[in-house]
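Here's the structure we're looking at; comments come further down.
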Amino acid sequence: MQSTLSTNKSILRPAGCSKPFNAGAVSKAKPQLTKRLRCQADQTDRIHVNRRALLLATAALGGSVVAAAEAASFDNYTTAPSGLKWLDTQEGSGPAPAKGANIRCHYTGKLTSGAVFDSSYERRKPLTFKIGVRQVIAGWDEGILGDGKDVPPMKEGGKRKLVIPPELGYGKRGAGGVIPPDATLLFDVELLGKR
């Protein structure tokens, strides 16, 4: 784990810093990694590290340690035969979407390391797409639309946590250098009403 970082320190060196990040210091703060890290060259300035470098660093720092802690917190989740885990945090009061319907969702997506890779909340713009026609990953289609027997559909106004296994996410290919291969994805999804 440490050797992975020591051979790859250049990705952790932000522009304007003469020294790379201290991998030892970063590894002690695995769960606390954020988009902002301190530059060793100047402890008073906070800099933004690009999202890809941050996610690669957290993956290299042993997401498996955090994954074990996350797995323990999935006790209240229901597991579908597909491997999808879900937990309603707020039951919606509106209608459930029909296959092929345009829906709007707010969401936050995280890796099991806790690193956020995408959030519509941060952009302040919900995602609009057709549900059930593979415009999104299979785990979203099943997690929002339901599977017809084990996973109930979300209702407008509802909030649901999804744990999406690689087979229902991006699989062995990963995505855009941000989501590593074979990544389990954690989503907080809010199904919004129609405008």
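Bear in mind these aren't lab numbers, they're just calculated from the coordinates by the rules spelled out. Source: prediction; values computed, not measured. Methodologically, a virtual Cβ is constructed for each residue, glycine included, from the backbone with ideal geometry; neighbour enumeration extends over all protein chains shown.
For the range 78-195, what D do you get in µm² per second when you plug the Kirkwood radius from alpha-carbon pairs into Stokes-Einstein at 10 °C and 1.306 mPa s?
Numbers: Rh = 14.2 Å.
Rounded to a whole number, D works out at 112 µm²/s.
Starting from the Cα of A101, step 7 Å along the direction of its Cβ; do the same at R134; then give the gap between the two resulting points in nm.
2.3 nm
Could you give me the ³J(HN,Hα) list for the range 184-193, computed from phi with Karplus coefficients 6.51, -1.76, 1.60 and θ = phi - 60°, whole Hz, x at Gly and Pro?
7, 10, 10, 10, 9, 10, 10, 8, 8, x
Return the sequence-ordered ³J(HN,Hα) values of the range 167-183 in whole Hz as given by the Karplus equation 6.51 cos²θ - 1.76 cosθ + 1.60 applied to θ = phi - 60°, using x for Gly and Pro.
These are the phi-based 3J(HN,Hα) values: 5, 9, x, 9, x, 6, 7, x, 8, x, x, 9, 9, x, x, 6, 8 Hz.
With a 10 Å radius around each residue's Cβ, average the other Cβ atoms per peptide and rank 181-194, 151-164, 84-97, 118-131, highest first.
For the peptides 181-194, 151-164, 84-97, 118-131, the packing ranking is 151-164, 181-194, 84-97, 118-131.
Could you sort out which of K99/K172; K155/K194; K110/K194 sit more than 21 Å apart by Cα distance in this structure? Display every interim value, and only then the final one.
Numbers: K99/K172 27 Å; K155/K194 12 Å; K110/K194 26 Å.
Cα-Cα > 21 Å for K99/K172; K110/K194; rest within.
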